[in-house]
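See structure below.
Throughout, read-outs are computed from the coordinates displayed, never taken from laboratory work. Fair warning: this is a prediction, and the values are worked out from it, not measured in the lab.
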Amino acid sequence: MVARLTGLSPYVLRIWEQRYRAVEPQRTTTNRRLYSSEDVERLSLLREVTQAGYNIGQVATLPAEKLRELATAPRQVSARDHSTVKGGSASSTNGFFDACVAAVRALDARAFEETLSRAATALGGVGVLQRVVAPLADTIGELWRGGTLTAAHEHFASAALRVWLGNAARPYGAVDAAPLLLVATPAGQVHELGALLVGATAAHLGWQVTYLGASLPAAEIAGAAMQKQARAVALSLVYPDDDPRLPGELTRLREALPAAMTLLVGGRAAPAYHEVLDRIGAVIIKDLPQLGLTLDGLRKPSRREKR
């Protein structure tokens, strides 16, 4: 009912509620959600605002008055957002997102890749990463943890995204003088969708990217980073968020890396390890826009390099 009233898919509703705390519905004794009229209005406003180009992470907790103001303001995105998706229905970010989830459920690689390609045409390279692929990676992980999707679906999505992101980033190939970002997940972190997304974003921003894959020991990551003379190392932490071995791995990695080499860490599970991340001086990345700003800052020459 709420999905019908707001125009949001059940997948988007779940992510907005669980990850971004957009609304906090009441629960029945059987654990079913009960949405108030205020919740429905808020979700509808958030849908309008995000379709206007705002990132859900930026607006999810804004008061209703501010959301109404943003919803009536001029759009931030161009009319090309209204191209069509397969089946002829009116397109939106939600439409592309829902089509991708359906393709993953069906294990349909062609539909998955075609939908992402249409989304990239409509939203642009960075837009599709921020507004479709990033929420998709989060949702697939949530559905896997909830038992709605199997490990096979999660592995299928990772494999399909690896191919699509690699092809999509090829036109943005960096020049030899561009800084290099080394991307991986540390030992015990076997989910690589977030890491793939980080690598694709960096490639779109003109970085050289060396992608190592999932679950690598600290010594292996550090060795590769020094061999490639990386400007920075980026790690994705997704699951689990309570691995007692991971703080030691992160500490060993930071100790093995040169002091001047920046360590970036993000992903759904990153906040659970904030104590060790703060202690070792890692830069915690909350979302792709912040990643972009951080990478832009790392590209700027230091004062010593300017002399």
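Rounded to the nearest 500, what is the chain's calculated 222 nm mean residue ellipticity when only DSSP H runs of at least 4 contribute -39500 (n - 2.57) each, over all residues?
Per the formula, -15500 deg cm²/dmol.
Across the chain, the mean sequence separation of Cα contacts (distance under 8 Å, 6 or more residues apart), normalised by length, yields a relative contact order of 11 percent.
Across all directions, the average projected area of the convex hull around the alpha carbons of segment 212-295 is 5.1 nm².
Relative to the longest principal axis of the Cα atoms of the chain, the long axis of helix 193-204 makes an angle of roughly 80 degrees. Working note: Cα atoms of segment 2-72, range along each principal axis, descending, whole Å: 38, 21, 20. Given the options Leu123, Leu216, Leu182, which has the most mean-square fluctuation in a GNM of the chain, springs set between C-alpha atoms less than 10 angstrom apart? Per the Cα network of the chain with a 10 Å cutoff, Leu216 tops the list. Note on the chain: lysine pairs with Cα distance below 28 Å, sequence gap of 8 or more or different chains, count 5. If you run the Gaussian network model on the chain, springs between alpha carbon atoms under 10 Å, then out of Glu220, Glu249, Glu69 the most flexible one is Glu69. Using equal-weight Cα scatterers in the Debye expression, the normalised intensity of segment 131-216 in log10 at q = 0.10, 0.11, 0.22 Å⁻¹ is -0.26, -0.31, -1.07.
Hey, what does the equivalent ellipsoid look like for the chain, semi-axes from the Cα gyration tensor as sqrt of 5 times each eigenvalue, largest first, whole Å?
Numbers: eigenvalues 220, 98, 80 Å².
Whole-Å semi-axes of the equivalent ellipsoid: 33, 22, 20.
In whole Hz, what ³J(HN,Hα) sequence does segment 208-220 give by Karplus (6.51, -1.76, 1.60; θ = phi - 60°), x for Gly and Pro? Result, ordered by residue: 6, 10, 10, 9, 9, x, 9, 6, 10, x, 4, 4, 5 Hz. Segment 156-224 and segment 100-116 have Cα centres separated by 22 Å.
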